[in-house]
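What follows is a single structure, written as structure tokens, with notes after it.
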């Protein structure tokens, strides 16, 4: 090979191609290699330092949830025809894979009440960022108006992407736990490209999605006018809702609230926690945004013999197809995880997801009222909640969580540690899944009440 390209050594290739100024000129500071059995022992010791949701009574949520994953999902996803395929470069010969994509899209469309869905995107935050880029492609404007109730990781990801898009992110504060309607309306103007909120929001509150969507569109329309050439500009921003798919069995779907694009984190649909991933992002939209959506879209057709078949209708993102015109350059569709999602939804069924949400609603209400009755604990807001809620502790949250951990209980997430907002100091975000029984909630109340009391006493003593 070296002779064929006319060089004498591998080093000569590097010498010709890599400028002197960027060469390291020393060995990498890496430890010596270890025998395989020593590597195993080292990794086992590292793994033993982790505490999983199986090892403690966990009420952690904030975007990732300890839902029950039926054995059916492992059985199907571990079949080689689903586990091993990656990118369908010759898609029509992969009829099984295309049907999985098609059935997944159908399920997400039904769940969100939006006519088109892709299969799929990387995870929840990048789905939000991709939706922001879709808005820019749609109307060419540069302001993204975002509710502070959006997940903080999604806001951070959106800001990172927006910098590259030359867009501006304007954050609208909350009032009484939900998006401040006056500030929301006031933030819209003729340069608003997208209006983005979460349902339920990061603090567990159920937002008035229809009102937020309507006010965003009417306020932007009122502020937009003719451009310099006298041509009317499109008045409506793209309204984007970050949804928790597991709650859509009981909450009004975004498509019925005049939302244009629904995005979200799909982990709760049949995907385990697995140390934070992998998961998948869902993305559904109105038909007018079809060609600006990221990801792959499978369609149904018939072959020359009239038999049902599937095709890769659109592949709008990857560099090998669209290059600089790609709507996204994350080249992983998470199709296996999305497959787990559609298996889970099929396992639950139409009635099952409603029953699950009704159970979550009842247990969340019981947990919220029980914990808020403890001395030194109060609700962060009074808004309706469905599977997660925020509390304010009259004690240092990190210290309280450490005390609870010693009792084998993780009481929830430290809000301030996640958001960095001053108003979130003392905030604890508690998540309920169907794996947390009433007895588990009573155990949490016991441990949390004792920890808060001990921490308050310690603070007074100091």
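Among the residues of region 103-115, those identified as surrounded by 21 or more Cβ atoms within 10 Å (Cβ to Cβ) and in contact with a strand residue (DSSP E or B) (Cβ under 6 Å, 6 or more places away or on another chain) are 105, 108, 112, 114.
The sole residue among 447, 400 that is crowded, with 22+ Cβ neighbours inside 10 Å and in a helix (DSSP H, G or I) is 400.
Within the option set 456, 435, being touching a residue at least 24 places away in the same chain (Cβ under 8 Å), in a helix (DSSP H, G or I) and either out of contact with any helix residue (DSSP H, G or I) (no Cβ under 8 Å at 6 or more places or on another chain) or crowded, with 17+ Cβ neighbours inside 10 Å (or both) holds for one residue only, 456.
Would you point out the residue of region 250-282, among those that are part of a helix (DSSP H, G or I) and either at pLDDT below 95 or outside the structural domain of residue 130 (by TED's automatic domain parsing) (or both), that is nearest to residue 152 (Cα to Cα)? Filtering first and then ranking leaves 276. Based on what the data block shows, is residue 180 farther than 23 Å from residue 286 by Cβ, over 20 Å from the mean Cα position of the chain (by Cα) and modelled with pLDDT of 95 or more? So residue 180 passes the test. In the set 395, 417, 335, only one residue is within 24 Å of residue 154 (Cβ to Cβ) and either surrounded by 21 or more Cβ atoms within 10 Å (Cβ to Cβ) or in the same structural domain as residue 149 (by TED's automatic domain parsing) (or both); that residue is 335.
When 382, 369, 355 are checked against the criterion of being under 21 Å from residue 245 (Cβ atoms), outside any strand (DSSP E or B), assigned by TED's automatic domain parsing to the domain that holds residue 423 and more than 21 Å from the chain's Cα centre (by Cα), a single residue qualifies: 355.
Look through 395, 417 and report the one residue that is part of a loop (DSSP other than H, G, I, E, B) and within 26 Å of residue 51 (Cα to Cα).
Numbers: 417 fails: part of a loop (DSSP other than H, G, I, E, B).
Unique residue meeting the criteria: 395.
Among the residues examined, residue 388 does not qualify as more than 30 Å from residue 199 (Cβ to Cβ) and in contact with a helix residue (DSSP H, G or I) (Cβ under 8 Å, 6 or more places away or on another chain).
Checking 101, 64 one by one, the residue that is in the same structural domain as residue 442 (by TED's automatic domain parsing), on the phi < 0 side of the Ramachandran plot and touching a residue at least 12 places away in the same chain (Cβ under 8 Å) is 64 and no other.
The condition (being touching a strand residue (DSSP E or B) at 6+ places or on another chain (Cβ under 8 Å) and within 27 Å of residue 121 (Cα to Cα)) is satisfied by just one residue among 387, 368, 392, 350: 387.
In the set 166, 182, only one residue is at positive phi, surrounded by fewer than 21 Cβ atoms within 10 Å (Cβ to Cβ) and free of Cβ contacts under 8 Å to residues at least 60 places away in the same chain; that residue is 166.
For beta carbons closer than 8 Å, sequence separation of 6+ or different chains, a first residue in region 46-60 that is farther than 20 Å from residue 387 by Cα and not assigned by TED's automatic domain parsing to the domain that holds residue 275 and a second that is surrounded by 13 or more Cβ atoms within 10 Å (Cβ to Cβ) and at pLDDT below 90, the qualifying pairs are 52/273. Pairing each residue of region 1-12 that is in a helix (DSSP H, G or I) with any residue that is at pLDDT 90 or above, provided the two are 6+ apart or on different chains, yields no C-beta distance under 6 Å.
Give me the residue from region 374-391 that is in contact (Cβ under 8 Å) with a residue 24 or more places away in the chain and farther than 21 Å from residue 151 by Cα and, out of that set, surrounded by the most Cβ atoms within 10 Å (Cβ to Cβ). Among residues in region 374-391 that are in contact (Cβ under 8 Å) with a residue 24 or more places away in the chain and farther than 21 Å from residue 151 by Cα, the one surrounded by the most Cβ atoms within 10 Å (Cβ to Cβ) is 377.
Scanning for something out of contact with any strand residue (DSSP E or B) (no Cβ under 7 Å at 6 or more places or on another chain), crowded, with 20+ Cβ neighbours inside 10 Å, in the same structural domain as residue 197 (by TED's automatic domain parsing) and modelled with pLDDT under 95, does region 222-245 turn up at least one residue? Yes, there is a match, as at least one residue in region 222-245 is out of contact with any strand residue (DSSP E or B) (no Cβ under 7 Å at 6 or more places or on another chain), crowded, with 20+ Cβ neighbours inside 10 Å, in the same structural domain as residue 197 (by TED's automatic domain parsing) and modelled with pLDDT under 95.
The values are calculated or read from the model by the stated rules, or taken from the named source; none is laboratory data. As the structure is a prediction and not an experimental result, all values here were calculated from the model. Note: ideal-geometry Cβ built from the backbone for every residue, glycine included; neighbour counts use all protein chains shown.
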